[in-house]
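**Q** One structure follows; several queries about it will come next.
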Amino acid sequence: MSEQGCIFCKIAAGEIPAERVYEDDVCIAFNDITPQAPTHLLLIPREHFDSLDKAEAGHKATLGHMMLTAANIARDKGFADDGYRIVINTNSDGGQTVFHLHVHLLAGRPFVFPPG
Ligand code: 5GP
Ligand code: ZN
């Protein structure tokens, strides 16, 4: 399940420390090491897959669970009403730098659209 050398697999396994804010059987949420907003969380599936581009039908439940988990975290942490931004950078032009699928959850300031 875990991919050799993958930094997010290592975080999921507890081999690299991270400030976890939520976890369950499917996914883990932790603070981004270089926050781009007052709140900047990353949600990762425990199961490794490289990117949304590599998602398959078998990942449907995991992806749906992660979206609902992001919304629950936003409500629990009290920033849902003000709003937030969900981002899944995918492949090179998408700005993806870590190739273990992850959802950015950003909040605490207004965001412009389209992003840069
Ligand atoms: P991407 O550019 O692939 O969409 O996002 C990768 C994110 O992972 C970046 O926002 C980066 O700051 C974050 N990141 C990279 N390495 C680590 C790490 O070791 N720990 C944590 N908490 N975040 C990381
Ligand atoms: Zn991984």
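The values are calculated or read from the model by the stated rules, or taken from the named source; none is laboratory data. None of the values given here were measured: they were computed from a predicted structure. So basically every Cβ, Gly included, is an ideal-geometry build from the backbone, and we count neighbours across all protein chains shown.
The rows are residues; the columns are (1) within 14 Å of ligand 2 (Cβ to nearest atom); (2) farther than 22 Å from residue 4 by Cβ; (3) polar (S, T, N, Q); (4) buried (at least 16 other Cβ atoms within 10 Å of the Cβ).
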| position | (1), (2), (3), (4) |
| --- | --- |
| 19 | no, yes, no, no |
| 32 | no, yes, no, yes |
| 43 | yes, yes, no, yes |
| 75 | no, yes, no, no |
| 79 | no, yes, no, yes |
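**Q** Being in a loop (DSSP other than H, G, I, E, B), under 17 Å from residue 99 (Cβ atoms), within 11 Å of ligand 1 (Cβ to nearest atom) and in contact with a helix residue (DSSP H, G or I) (Cβ under 7 Å, 6 or more places away or on another chain) is the filter here; which residues of the stretch 1-46 pass it?
**A** Selection gives 16 alone.
**Q** In the stretch 95-111, what count of residues is obtained for those that are within 16 Å of ligand 2 (Cβ to nearest atom) and in a loop (DSSP other than H, G, I, E, B)?
**A** The number of residues fulfilling the criteria is 7.
**Q** Sort through 98, 87 and tell me the only one that's surrounded by 12 or more Cβ atoms within 10 Å (Cβ to Cβ) and in contact with a His (Cβ under 6 Å, 6 or more places away or on another chain).
**A** The conditions single out 87.
**Q** Looking only at the stretch 104-116, filter to residues that are under 15 Å from the mean Cα position of the chain (by Cα) and more than 9 Å from ligand 1 (Cβ to nearest atom); which one of those is farthest from residue 11 (Cα to Cα)?
**A** Selected residue: 107.
**Q** Starting from the stretch 49-64, keep only residues that are farther than 14 Å from residue 26 by Cβ, then list their pairs with residues that are among the hydroxyl-bearing types (Ser, Thr, Tyr) whose Cβ atoms are within a distance under 6 Å, requiring at least 6 positions of separation or different chains.
**A** These pairs meet every condition: 51/90; 52/90; 53/90.
**Q** Any residue in the stretch 71-88 that is within 11 Å of ligand 1 (Cβ to nearest atom), modelled with pLDDT of 95 or more and under 12 Å from the mean Cα position of the chain (by Cα)?
**A** Yes, some residue in the stretch 71-88 is within 11 Å of ligand 1 (Cβ to nearest atom), modelled with pLDDT of 95 or more and under 12 Å from the mean Cα position of the chain (by Cα).
**Q** Identify, by number, the condition in (1) surrounded by fewer than 14 Cβ atoms within 10 Å (Cβ to Cβ); (2) closer than 24 Å to residue 110 by Cα; (3) out of contact with any Gly (no Cβ under 9 Å at 6 or more places or on another chain) that residue 66 doesn't meet.
**A** So residue 66 meets the others, but not (1).
**Q** Is it the case that the stretch 53-65 has a residue that's assigned to a loop (DSSP other than H, G, I, E, B), within 11 Å of ligand 1 (Cβ to nearest atom) and out of contact with any strand residue (DSSP E or B) (no Cβ under 8 Å at 6 or more places or on another chain)?
**A** No, the stretch 53-65 contains no residue that is assigned to a loop (DSSP other than H, G, I, E, B), within 11 Å of ligand 1 (Cβ to nearest atom) and out of contact with any strand residue (DSSP E or B) (no Cβ under 8 Å at 6 or more places or on another chain).
**Q** What is the one condition in (1) farther than 24 Å from residue 108 by Cα; (2) within 11 Å of ligand 1 (Cβ to nearest atom); (3) among the aromatic types (Phe, Trp, Tyr) that residue 49 does not satisfy?
**A** Unmet condition: (2).
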